[in-house]
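Heads up, the thing below is written out as structure tokens.
Rule-based calculations on the coordinates, nothing more; no lab input. Note that the structure is predicted; figures quoted are calculated from it, not measured. Positions of Cβ are backbone-derived with ideal geometry, glycine not excepted, and every protein chain shown enters the neighbour counts.
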Amino acid sequence: MNDAGTTHKGGSEWWGSFSVAERSVTQWQIGPLTLSAQRLAGEWRIGYQSSDNPLADTLKYASALSSEGLEQMANIERFAISEESDEIRLEPRTADRPIVFRPDLPFHVLPGEQASLYVGSPLWVAVSSGPSPKALLEIPSHRPSDTWFGPPTAEGELCYASRTFCRLALGEVTRRAHRAATAVVIRNPSNETLPVLRLKLPMERLGLFMSRDGRLWTHDVILERGEGTEFAQLEIGEGAPRSAPDAKFLVHPRVGSGGNRMVRTFGSLFS
Amino acid sequence: MEWLIDSIRNMTWNEQVQKFAFAAVIILLGIVASRVLRRRLPLERLHPQHQLIIRRFTGYLVLGIAFAWALQQLGVSLGVVLGAAGLLTVAIGFAAQTSVSNLISGLFLMVEQPFVVGDVIKVADATGEVISIDLLSVRLRTFDNLLVRIPNESMIKSNVTNLTYFPIRRFDMQVGVAYKEDLSKVGKVLMEIADNNPICLQEPKPLIIFSGFGDSAINLQFSVWAMKENFLELRNSTQNAVKRSFEQHGIEIPFPHRTLYAGSVTEPLPVRITAAERSPIQS
């Protein structure tokens, strides 16, 4: 990859509007995702592929490349467009369905306690074109595995699966340009220890923020265990995350938060 | 039929023509209205199965009303028609027992709903997508694009497997490994395969079941889950990945071995090594 353009806008900001000269190829490397765009007469060609390493931390931007870089991509798609704009826009998005986090080690919240932990999730890249942006496609920076969240195999919900270290200190959370951190507060007002075997978070209901240090955040999530059930009261924080109060709002959630509600979120399922 | 003939006899010629024409127009309009209603009913939000039932029912209802109205115009009493229809039904029922049995079975299928339009089902040798559930038969489109018509009576009597009833499905792959292989290593490699395939569900967890000591291999069952729409892709990708991964890790998938044993009391079989014959190309 030609590094002539290097990282766009400095820091870890890979999103925004980019101008792509006709016939030339512009390429971004956002963590494990390599994304190329070529402007041709009446169409955009978008190529993309992901490496096997979900934690790859590369961030590169290069413009005015030859079309060879695009042709070698694993996936190439063409989009017909009548507008003569050479502008392409990238935007970070949260996952399009819930993510079920499995703690790396068994994690318990003792009776009457609350735990504030951080989990990281991969971001999707939304590509659009033109001054009145027309959506071209959305690609995950890394496609997480599918998983099923529900007690029987007959009912439940399709989610993505992810492992988490359930970090309790922000300093231990590695900053990666293609991932967003979510601060989760788990309250256990009951008289029993709460084993957190799985934690389902509604990523599609969370917006994105960027803190001063360039880290991407989602809305905070507060979960309060219901008495004697696996259900929990889910509350999505309003405004910037508490750990980064000066964070700038970036992207709206995919769907409305739906207010506070009881959800099945801690699973001791299939075990 | 006498009541129909009597009522027609009592009319003058002009009246007869007028009433027959009016009745014909009513029936024609009924047919048109029935077709338009069946097509135009705004049922897009409903399940295709429910759409089909409501469209059919509405169509038959409109046709029935039009027919009854047309008869009324001809001066026929509806009570008499209904009585005659009842008698006719009994007569037809005796004459067409199979059709009636299919009809009743069709009603049971519609009420019980073991499958709906759009489901993929397996009945005896036929596997395909249900394209319609009619009063007499169920029609399937097989994956090689053939139409299979199965009488409803057969559907009620046979074992029907609905492959798309539940949202997730399990693929059971039978795999054999050589006796010399370390089974814990084999298990680790298989779990890695499931872990690296994004369409393979992490939960329910993949399973490895020891099936037994085979003639030539230790037989294992590797069971992985996927969404029903990803099932075929999972099946292909898993088998490819197992072969590729076993080759990479030097795990042997053995072919059937035969050991020739001549018995303990007999002499070993004599083996003679001869020079290779010259092939015609070499000569």
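Among rounded, prolate and oblate, which fits the stretch B:109-162 when a ≥ b ≥ c are the square roots of the eigenvalues of its C-alpha gyration tensor, a/c under 1.5 means rounded, and a/b larger than b/c means prolate?
Because its axes are fairly even, with a/c under 1.5, the stretch B:109-162 counts as rounded.
Sequence gap at least 6, Cα distance under 8 Å: using those rules, report the relative contact order of the stretch A:80-159 to the nearest whole percent.
Taking the mean separation of contacting Cα pairs over the length of the stretch A:80-159, I get 33 percent.
Place a point 7 Å from Cα of B:PHE57 in the direction of its Cβ. Which residues in the stretch B:125-145 have their backbone N less than 17 Å from it?
B:133-136
At q = 0.15, 0.17, 0.22, 0.26 Å⁻¹, what is the base-10 log of I(q)/I(0) for the stretch B:14-101 according to the Debye formula with one equal point scatterer per Cα and no solvent? Please give it to two decimals.
Scattering profile of the stretch B:14-101, log10 relative to I(0): -0.77, -0.89, -1.02, -1.10.
When all alpha-carbon pairs of chain A are counted, what percent fall beyond 27 Å?
Working: 15419 of 36585 pairs.
Tail of the P(r) past 27 Å holds 42 percent of the pairs.
Using alpha-carbon pairs under 8 Å, 6+ residues apart, how would you state the relative contact order of chain B in percent?
Worked out over chain B, it gives 12 percent.
Calculate, axis by axis, the spread of Cα positions in the protein assembly as shown along the three principal axes, and write the results as whole Å, longest axis first.
Extents along the principal axes: 101, 90, 70 Å.
Show log10 I(q)/I(0) for the stretch A:207-253 at q = 0.24 Å⁻¹, two decimals, from a solvent-free Debye sum over equal Cα scatterers.
-0.77
Taking neighbour Cβ counts within 10 Å as the exposure measure, how do A:TYR61, A:TYR160 sort from fewest upward?
The most exposed by this proxy come first: A:TYR61, A:TYR160.
Report the paramagnetic label zone for A:SER19: residues of the stretch A:74-108 whose backbone N is under 11 Å from a point 7 Å from Cα along the Cα-to-Cβ axis.
A:86-87
Provide the packing ranking of A:139-151, A:235-247, i.e. peptides ordered by the mean count of other C-beta atoms within 10 Å per residue, highest first. Don't skip to the end; give the middle numbers.
Values: A:139-151: 21.0, A:235-247: 15.2.
Highest mean packing first, the order is A:139-151, A:235-247.
Which whole number gives the average, over all residues in A:137-149, of C-beta atoms from other chains lying within 10 Å of the residue C-beta?
Values: counts 0, 0, 0, 1, 0, 1, 2, 2, 10, 13, 7, 9, 3.
Mean partner shielding for this stretch: 4.
Charges only on Cβ, +1 for Lys and Arg, -1 for Asp and Glu: so what's the dipole of chain B about the Cα centre, in debye to the nearest 20?
Around 600 debye, computed over chain B.
At q = 0.09, 0.12 Å⁻¹, what log₁₀ I(q)/I(0) does a Debye calculation on the Cα points of the stretch A:1-151 give, no solvent, two decimals?
-0.35, -0.57
Roughly how compact is chain B, stated as its Cα Rg over 2.2 N^0.38 Å to two decimals?
Ratio of Cα Rg to 2.2 N^0.38 Å: 1.79.
Take peptide A:158-170, look around each residue's Cβ out to 10 angstrom, count Cβ atoms belonging to other protein chains, and average those counts.
Rounded to a whole number, the mean comes out at 1.
Can you check what the net charge comes to around B:ILE31, using other residues whose Cβ is under 14 Å from the Cβ of B:ILE31 (Lys, Arg +1; Asp, Glu -1)?
Once all neighbours under 14 Å are counted, the net charge is +3.
Where does each of A:GLU84, A:GLU13, B:GLU203 land when they are ranked from fewest to most other beta-carbon atoms within 10 angstrom?
Result, fewest neighbours first: A:GLU84, A:GLU13, B:GLU203.
In what sequence do B:CYS200, A:CYS166 fall when counting other Cβ within 10 Å, fewest first? Let's see the in-between values first.
Details: B:CYS200 23, A:CYS166 20.
Neighbour counts put them in this order, fewest first: A:CYS166, B:CYS200.
What value, in deg cm²/dmol to 500, does the helix sum -39500 (n - 2.57) over DSSP H runs of n ≥ 4 give at 222 nm once divided by the residues of chain B?
Helix-only estimate at 222 nm: -16000 deg cm²/dmol.
For a quick size check, give me the Cα extents of the stretch B:196-238 along its three principal axes, largest first, whole Å.
Principal extents (Cα only, largest first): 36, 19, 18 Å.
Calculate the length of the line joining the C-alpha centroid of the stretch B:150-164 to that of the stretch B:129-144, in whole Å.
Using only Cα atoms to place each centre, the spacing works out to 11 Å.
Would you calculate a helix-derived [θ] at 222 nm for chain A, using -39,500 (n - 2.57) for each DSSP H run of n ≥ 4 and dividing by the full residue count, to the nearest 500? Write out the running numbers ahead of the final one.
Details: 1 runs with 4 residues, N = 271.
The helix contribution divided over chain A gives 0 deg cm²/dmol.
List the lysines whose Cα lies under 29 Å from the Cα of B:LYS228, skipping any in the same chain that are fewer than 8 positions away.
Cross-link targets: A:LYS200, B:LYS122, B:LYS157, B:LYS188, B:LYS205, B:LYS243.
Run through every distinct alpha carbon pair of the stretch B:168-248 and return the Kirkwood hydrodynamic radius in angstroms, one decimal place. Could you put the intermediate results ahead of the total?
Details: mean 1/r = 0.0780 Å⁻¹.
Evaluated on the stretch B:168-248, it is 12.8 Å.
Non-local amide H neighbours of A:SER24 (under 5 Å, H modeled in plane, Pro and chain starts lacking H): which ones?
A:ARG39
Is there a simple number for the mean count of other chain Cβ atoms within 10 Å of the Cβ of residues in B:194-206, and what is it? Mind dumping the intermediate values first?
Values: counts 1, 2, 2, 2, 9, 3, 3, 9, 15, 17, 8, 3, 0.
Mean partner-chain Cβ count within 10 Å for B:194-206: 6.
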